[in-house]
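Right, one structure below, let's go through it.
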Ligand SMILES: C[S@@+](CC[C@H](N)C(=O)[O-])C[C@H]1O[C@@H](n2cnc3c(N)ncnc32)[C@H](O)[C@@H]1O
């Protein structure tokens with residue numbers, strides 16, 4: 001089983017310090033939400049983000065959306081060889097049941113995330129998605145993997161096909177992919193750093209490369 005963690009993902013509710021910013025207030029009104037119930041999104045909150053520390057990388061739920069669509073619709077997931085988790089910059093972990101079918105539409109995805117942050121688990125009864133306060137180290141400890149790979153542009157260069165074989169040779173590997181648009185992980189993570197290409201890639205490209213090459217090595 002491959003455990004894929006989208007880590008330090010830029011997914012959060014609008015932080016308190018910018019809740020009265022006009023960009024946030026107008027956006028919340030349009031979406032019929034209170035500002036504190038809305039997911040921060042750099043497309044709409046650009047002006048307000050300038051006032052936040054790390055404002056140039058925050059508010060990117062779109063990265064999580066595309067990564068999750070790629071992972072959950074993959075053959076590896078359909079065949080039961082994949083578990084996907086989202087860890088956020090505020091040390092929350094979202095557990096996602098493999099049978100989850102996420103909304104393709106981005107605005108609907110935002111609505112789902114907003115109700116997840118509000119209720120803790122959605123949809124009621126099925127609880128396909130569940131969020132809890134948990135640092136990345138504790139999530140990895142819970143998974144109890146036989147190895148941890150951190151996808152990193154400065155890691156050891158391994159071709160995607162060979163990396164798929166390495167993953168398939170383990171029982172319970174964890175692969176960590178950064179769910180942010182720029183820069184590096186903010187906190188150290190224990191594991192082997194692996195680069196799949198000599199240049200930076202987008203998180204969703206890394207997710208696809210990892211999964212497809214893992215599938216190939218499994219003979220799926
Ligand atoms: C968009 S990148 C992060 C930003 C990147 N450091 C930059 O400044 O462009 C998102 C994540 O994709 C993964 N990633 C990016 N380039 C990679 C590469 N060449 N090989 C393996 N993983 C990579 C890393 O996990 C990274 O945290």
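Read the figures in this text as sums done on the coordinates, not as results from a lab. As the structure is a prediction and not an experimental result, all values here were calculated from the model. Note that each Cβ is placed from the backbone with ideal geometry, even for glycine, and that neighbours are counted across all protein chains shown.
One table, with the values for the structure above:
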quantity: Protection proxy ranking of 119-127, 54-62 - average other beta-carbon atoms within 10 Å, highest first; calculated: 54-62, 119-127
quantity: Tilt relative to the chain, helix 203-218 - C-alpha long axis, 0 to 90 degrees, to 10; calculated: 30
quantity: Segment residue 119-residue 34, length gained on full extension (0.36 nm per residue, minus Cα span); calculated: 29.1 nm
quantity: Helix 61-72 axis, angle to the chain major axis (alpha carbon atoms, nearest 10°); calculated: 40
quantity: Computed over segment 1-91: relative contact order in percent, which uses C-alpha pairs under 8 Å that are six or more apart; calculated: 47
quantity: Mean Cα-pair separation over length for the chain, i.e. relative contact order, pairs under 8 Å, 6 or more apart, %; calculated: 26
quantity: The chain - share of DSSP beta bridges that are antiparallel (%, nearest 5); calculated: 40
quantity: Normalised per residue, the volume of the convex hull around the Cα set of segment 133-205 (Å³); calculated: 100
quantity: Selected from 52, 102, 139 as most flexible by GNM, with the chain as the system and alpha-carbon contacts under 10 Å; calculated: 52
quantity: Exposure proxy ranking, count of Cβ atoms within 10 Å, fewest first, for 202, 113; calculated: 202, 113
quantity: Cα-based Rg of the chain normalised by 2.2 N^0.38 Å, two decimals; calculated: 1.02
quantity: Debye log10 I(q)/I(0) at q = 0.17, 0.21, 0.27 Å⁻¹ for segment 10-63, Cα point scatterers; calculated: -0.41, -0.64, -1.08
quantity: Part-to-part distance (alpha-carbon centres) for segment 42-63 and segment 146-220, which is given in Å; calculated: 26
quantity: The chain: angle of helix 106-119 to the longest principal axis, Cα-based, in degrees nearest 10; calculated: 80
